[in-house]
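First up is the structure itself, then whatever we jot down about it.
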Number of protein chains: 2
Amino acid sequence: MGDRCTVTIRGCDLMSYFSDMTNLCWFLEPELEDAIKNLHGAVGNAATEDRYIVVGTGSTQLCQAAIHALSSLAGTNPVSVVAAAPFYSTYVEETTYVRSGMYNWEGDAWSFDKKGPYIELVTSPNNPDGTIRETVVNRPDDDEAKVIHDFAYYWPHYTPITRRQDHDIMLFTFSKITGHAGSRIGWALVKDKEVAKKMVEYIIVNSIGVSKESQVRTAKILNVLKETCKSESESDNFFKYGREMMKDRWEKLREVVKESDAFTLPKYPEAFCNYFGKSLESYPAFAWLGTKEETDLASELRRHKVLCRAGERCGSDKKHVRVSMLSREDDFNAFLERLANMKAH
Amino acid sequence: MGDRCTVTIRGCDLMSYFSDMTNLCWFLEPELEDAIKNLHGAVGNAATEDRYIVVGTGSTQLCQAAIHALSSLAGTNPVSVVAAAPFYSTYVEETTYVRSGMYNWEGDAWSFDKKGPYIELVTSPNNPDGTIRETVVNRPDDDEAKVIHDFAYYWPHYTPITRRQDHDIMLFTFSKITGHAGSRIGWALVKDKEVAKKMVEYIIVNSIGVSKESQVRTAKILNVLKETCKSESESDNFFKYGREMMKDRWEKLREVVKESDAFTLPKYPEAFCNYFGKSLESYPAFAWLGTKEETDLASELRRHKVLCRAGERCGSDKKHVRVSMLSREDDFNAFLERLANMKAH
């Protein structure tokens with residue numbers, strides 16, 4: 001995108017802790033708030049009206065802020081935290097490392113049957129396996145049932161945008177839209193004022209707000225992204241470009257897996273994408289690779305110099321691993337080659 | 001400083017989570033590490049050799065990372081956390097909000113006598129009262145005694161640099177050097193490798209590292225600062241300029257307090273400053289204002305539209321408050337005026 005995304009920050013800019021004292025989330029830069037709303041509006045993946053936007057140091061900090069907020073507002077503590085396996089393994093660390101008395105990680109939501117307040121983390125498309133998810137603990141009349149929707153990957157280069165999501169707490173992250181992980185910018189769209197307030201309180205004590213430099217750069221880049229949504233050209237429209245790249249990688253990977261008889265990959269149903277206006281496939285950010293043999297797939301891959309996250313860490317089994325589909329071109333091609341060589345043995 | 005501190009960041013810069021995989025703190029930008037070392041070298045306020053530098057989202061995140069690290073390495077949990085009153089009131093929130101089972105806030109270090117492992121937070125110059133501090137819980141032969149030195153205000157515009165500090169864990173923050181609070185950049189100088197590792201682990205789970213945009217901007221500005229240290233001119237040398245500004249404000253405040261007979265301010269001894277090469281006074285970032293009358297000073301000030309932090313929140317009494325000396329010129333002058341009017345009543 002050349003110079004369109006360049007930002008220049010003068011020495012005297014962005015010095016204060018405060019961005020907008022009239023906003024409940026007073027450390028959120030107004031231009032970032034606008035850019036977030038505009039991008040969701042252009043893509044149609046989430047409702048932003050009648051919601052509070054809370055900015056975080058990545059969605060990592062926001063997920064913890066949301067769990068903290070819901071727990072402090074729950075009738076009793078500790079609150080159970082669950083996610084349906086296979087789940088994002090980092091949820092385990094996030095909910096255990098400070099040994100909080102406010103919540104307990106209770107593991108796989110499929111087998112959860114504890115009484116009392118609980119929070120279900122729903123990641124859709126799911127990390128690590130790319131499936132479309134809804135809640136699996138169904139206690140619809142239960143006031144103590146809370147849900148955090150992690151929509152990090154709900155963008156049109158990865159998955160068909162089938163509906164405009166409008167859940168109570170929705171998490172998004174800059175890093176999984178354009179790859180700007182170094183900026184550490186995430187945001188939450190939050191319906192309930194008290195929950196938003198508690199999340200803001202958490203972020204104040206945790207880090208007194210969020211980098212302003214990252215916020216203004218994110219705003220700039222999201223604005224450019226939104227502009228490109230209007231373009232019909234594949235080289236100009238970011239999501240078109242990204243979808244073609246993901247498609248290419250997935251086709252190559254599926255080809256290697258098909259040639260082999262050793263591995264498995266999930267199949268994803270086509271669905272009508274409101275953004276592209278046609279029926280489309282899913283090209284998740286991670287491949288949830290399985291083996292047909294009775295082996296420890298993570299160790300096997302590591303022996304062949306392929307880095308991955310073991311399925312067991314995600315609440316699954318030794319026969320599955322998570323591999324990134326977002327690596328640099330050279331790394332991705334090396335991965336394909338090494339995988340192709342493995343099948344030969 | 002005009003354009004000397006301007007940074008320009010292109011769209012494709014700083015995208016990765018990683019800054020330097022060979023560094024224990026792999027999310028620390030090498031140029032920031034260099035800038036930190038060079039500035040401490042030029043100012044002479046802290047030893048950086050044979051230490052690990054851990055970057056954080058403000059020293060707020062680092063203080064929590066350090067408490068977390070020391071607690072996970074302690075023989076038993078919970079570890080007691082104390083600070084000598086009057087203390088930085090935020091320490092209370094930082095050590096209680098997640099209700100961790102790893103540590104407990106035990107309040108004023110002066111009255112602390114609990115057995116078992118403990119961490120003493122030593123802030124010097126102290127926030128809120130500007131005094132020079134050392135540890136007050138003295139158990140020198142105790143393996144379970146750990147200290148975190150918060151040197152946020154140990155810079156030559158505030159206080160004479162009397163020695164090159166070389167403690168085990170020393171915290172610094174960009175916000176209190178130049179006022180760039182919005183960048184949320186702090187750093188810890190850490191002697192022990194295991195402690196540094198655990199701090200890095202904490203920051204990984206808490207926020208997967210620290211904004212790269214803030215890091216490169218901080219590096220740029222610290223480099224300019226360091227360059228100005230060579231200048232004899234008061235308008236070019238940042239710390240000279242800052243010291244003159246602080247001196248001017250303190251003299252004005254002392255004048256108002258002297259005219260009145262209602263208020264008190266601490267006196268600070270002169271000391272030889274190695275940076276300026278002469279004996280100098282202290283001009284702390286906060287005024288620890290007291291009243292001679294039996295009143296609730298914070299309420300009294302608020303009635304006169306002066307914002308402050310109540311002494312009780314800092315482990316002190318109703319007769320003291322903390323007032324910022326770093327406000328904008330107009331706000332500071334309004335403060336002086338309102339204070340002068342109060343004495344008349």
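The values are calculated or read from the model by the stated rules, or taken from the named source; none is laboratory data. Every value quoted in this text rests on a predicted model; they were computed, and no experiment measured them. Using ideal geometry, Cβ is built from the backbone for each residue, glycine included, and neighbour counts are taken over all protein chains shown.
Just one of B:Gly130, B:Gly116, B:Gly107 is on the phi > 0 side of the Ramachandran plot, of a type outside the set (A, V, I, L, M) and surrounded by fewer than 17 Cβ atoms within 10 Å (Cβ to Cβ); which is it?
B:Gly116
Scan segment A:219-241 and give yes if some residue there is in a helix (DSSP H, G or I), more than 13 Å from chain B (Cβ to nearest Cβ), crowded, with 20+ Cβ neighbours inside 10 Å and among the hydrophobic types (A, V, I, L, M, F, W, C), otherwise no.
Within segment A:219-241, one or more residues are in a helix (DSSP H, G or I), more than 13 Å from chain B (Cβ to nearest Cβ), crowded, with 20+ Cβ neighbours inside 10 Å and among the hydrophobic types (A, V, I, L, M, F, W, C).
Take A:Tyr52 and decide whether it is away from every other protein chain (no Cβ under 14 Å) and of a type in the set (Ser, Thr, Tyr).
Working: away from every other protein chain (no Cβ under 14 Å): yes; of a type in the set (Ser, Thr, Tyr): yes.
Yes: the conditions hold for A:Tyr52.
Would you check which residues across segment B:155-202 are acidic (Asp, Glu) and not in a loop (DSSP other than H, G, I, E, B) and list them?
B:Glu194, B:Glu201
Restricting attention to segment B:2-23, and to residues there that are over 28 Å from the mean Cα position of the chain (by Cα) and of a type in the set (Val, Ile, Thr), which single residue is farthest from A:Met1 (Cα to Cα)?
So the residue we want is B:Thr22.
Given the criteria out of contact with any Lys or Arg (no Cβ under 6 Å at 6 or more places or on another chain) and not assigned by TED's automatic domain parsing to the domain that holds B:Tyr202, does B:Arg99 qualify?
In short, no.
Going by what's in this entry, would B:Pro140 be described as crowded, with 17+ Cβ neighbours inside 10 Å, out of contact with any His (no Cβ under 9 Å at 6 or more places or on another chain) and more than 14 Å from chain A (Cβ to nearest Cβ)?
No.
Does A:Asn126 satisfy being over 18 Å from B:Ser100 (Cβ atoms) and at pLDDT below 95?
no
May I ask you to verify whether B:Arg303 is basic (Lys, Arg) and either without any contact (Cβ under 8 Å) to a residue 60 or more places away in the chain or more than 26 Å from B:Pro156 (Cβ to Cβ) (or both)? Explain how you work it out, then say what you get.
Details: basic (Lys, Arg): yes; either without any contact (Cβ under 8 Å) to a residue 60 or more places away in the chain or more than 26 Å from B:Pro156 (Cβ to Cβ) (or both): yes.
The answer is yes for B:Arg303.
In segment A:157-180, is there at least one residue being over 24 Å from A:Asp129 (Cβ atoms), of a type in the set (A, V, I, L, M) and within 14 Å of chain B (Cβ to nearest Cβ)?
Checked segment A:157-180: no residue is over 24 Å from A:Asp129 (Cβ atoms), of a type in the set (A, V, I, L, M) and within 14 Å of chain B (Cβ to nearest Cβ).
Here are A:Leu73, A:Leu62, A:Leu32: which of them is within 27 Å of A:Thr90 (Cα to Cα), assigned by TED's automatic domain parsing to the domain that holds A:Lys146 and surrounded by fewer than 19 Cβ atoms within 10 Å (Cβ to Cβ)?
So the residue among A:Leu73, A:Leu62, A:Leu32 that is within 27 Å of A:Thr90 (Cα to Cα), assigned by TED's automatic domain parsing to the domain that holds A:Lys146 and surrounded by fewer than 19 Cβ atoms within 10 Å (Cβ to Cβ) is A:Leu73.
Output the residues belonging to segment A:276-323 that are assigned to a strand (DSSP E or B) and not charged (D, E, K, R).
Taking segment A:276-323 as the starting set, the residues that turn out to be assigned to a strand (DSSP E or B) are A:278-280, A:286-291, A:309-310, A:320-323.
Hits for segment A:276-323 are A:Ser279, A:Leu280, A:Phe286, A:Ala287, A:Trp288, A:Leu289, A:Gly290, A:Thr291, A:Ala310, A:His320, A:Val321, A:Val323.
So A:Ser327 clears everything in (1) in contact with a strand residue (DSSP E or B) (Cβ under 8 Å, 6 or more places away or on another chain); (2) over 25 Å from A:Ser111 (Cβ atoms) except one condition, right? Which one?
Condition (1) is where A:Ser327 drops out.
Against the definition (in a helix (DSSP H, G or I), polar (S, T, N, Q), surrounded by fewer than 16 Cβ atoms within 10 Å (Cβ to Cβ) and under 25 Å from the mean Cα position of the chain (by Cα)), how does B:Asn333 come out, yes or no?
Yes: the conditions hold for B:Asn333.
Considering B:Ala85, B:Ala47, which residue is within 30 Å of B:Ser324 (Cα to Cα), of a type outside the set (Lys, Arg) and touching a His at 6+ places or on another chain (Cβ under 8 Å)?
Going through B:Ala85, B:Ala47 in turn, just one is within 30 Å of B:Ser324 (Cα to Cα), of a type outside the set (Lys, Arg) and touching a His at 6+ places or on another chain (Cβ under 8 Å): B:Ala47.
Read through the list (1) without any contact (Cβ under 8 Å) to a residue 40 or more places away in the chain; (2) among the hydroxyl-bearing types (Ser, Thr, Tyr); (3) more than 11 Å from chain B (Cβ to nearest Cβ), then give the number of the only condition that A:Tyr88 fails.
If we test A:Tyr88 against (1) without any contact (Cβ under 8 Å) to a residue 40 or more places away in the chain; (2) among the hydroxyl-bearing types (Ser, Thr, Tyr); (3) more than 11 Å from chain B (Cβ to nearest Cβ), just (1) comes out false.
Across segment A:1-39, what is the number of residues that are away from every other protein chain (no Cβ under 14 Å), touching a residue at least 60 places away in the same chain (Cβ under 8 Å) and part of a helix (DSSP H, G or I)?
Residues that pass the stated criteria total 5.
Can you find a residue that is surrounded by 19 or more Cβ atoms within 10 Å (Cβ to Cβ) and more than 22 Å from the chain's Cα centre (by Cα) anywhere in segment A:43-57?
No, the conditions are met nowhere in segment A:43-57.
Does segment A:175-218 hold any residues that are crowded, with 24+ Cβ neighbours inside 10 Å and either among the charged types (D, E, K, R) or outside the structural domain of A:Asn45 (by TED's automatic domain parsing) (or both), and which are they?
Selection gives A:Arg184, A:Lys212, A:Glu213, A:Arg217.
Out of segment A:97-124, which residues are away from chain B (no Cβ under 14 Å), under 18 Å from A:Ala66 (Cα atoms) and not small (Gly, Ala, Ser)?
Hits for segment A:97-124 are A:Glu106, A:Pro117, A:Tyr118, A:Ile119, A:Glu120, A:Leu121, A:Val122, A:Thr123.
Which ones in segment A:40-64 are part of a helix (DSSP H, G or I) and over 30 Å from A:Glu106 (Cα atoms)?
A:His40, A:Gly41, A:Ala42, A:Val43 - these are the residues of segment A:40-64 that are part of a helix (DSSP H, G or I) and over 30 Å from A:Glu106 (Cα atoms).
Got at least one residue in segment A:65-81 being in contact with a Gly (Cβ under 8 Å, 6 or more places away or on another chain), more than 10 Å from chain B (Cβ to nearest Cβ), in contact (Cβ under 8 Å) with a residue 12 or more places away in the chain and in a strand (DSSP E or B)?
yes
Can you find a residue in segment B:228-243 that is β-branched (Val, Ile, Thr) and closer than 18 Å to B:Cys5 by Cβ?
yes
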